[in-house]
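What follows is a set of notes on a single structure, which appears directly below.
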Amino acid sequence: MSDKLGNRLKERRSELGLTQAELAERCAVSRKTINTVENGVFVPSTVLALRLAAALERPVEELFWLAD
């Protein structure tokens, strides 16, 4: 089983017309945190993943998955 987490954050954020800074503000984190999660450098906590899902108006399992 892979420990790599895939995500669709950038794609969904772009669909909503949000910048990384705007999404960060909605989730109470830094823009750099959003950047590192989008690029797969940082695996978000469950709380942050749920905040991101709420901010992006999608279920968490639609935004994140275990990559092969």
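Any read-out appearing in this document is the output of simple, stated calculations on the displayed coordinates, not a laboratory observation. Model, not experiment: these values are computed from the prediction. All Cβ positions, even for glycine, are placed from backbone atoms using ideal geometry, and neighbour counts span all protein chains on display.
What spacing in nm lies between the two simple spin-label points modelled at residue 62 and residue 35, each 7 Å away from Cα in the Cβ direction?
Rounded to a tenth, the inter-label distance reads 2.8 nm.
Which GluC sites (Glu not before Pro) in the stretch 22-68 pass both tests, a DSSP loop state and at most 13 other beta-carbon atoms within 10 Å?
57
Please arrange 50, 56 by counting, for each residue, the other beta carbons lying within 10 Å of its beta carbon, fewest first.
Lowest to highest Cβ neighbour count: 50, 56.
Under the Karplus relation 6.51 cos²θ - 1.76 cosθ + 1.60, θ = phi - 60°, what is the ordered set of whole-Hz ³J(HN,Hα) values for the stretch 41-53, x standing for Gly and Pro?
Those phi angles translate into 7, 10, 8, x, 5, 4, 4, 5, 4, 5, 5, 4, 4 Hz.
With log10 I(q)/I(0) by the Debye sum over Cα atoms at q = 0.18, 0.22 Å⁻¹ as the read-out, I listed [x] -0.88, -0.96; [y] -0.65, -0.98; [z] -0.58, -0.88; which label goes with the value calculated from this structure?
Derived directly from the coordinates: [z].
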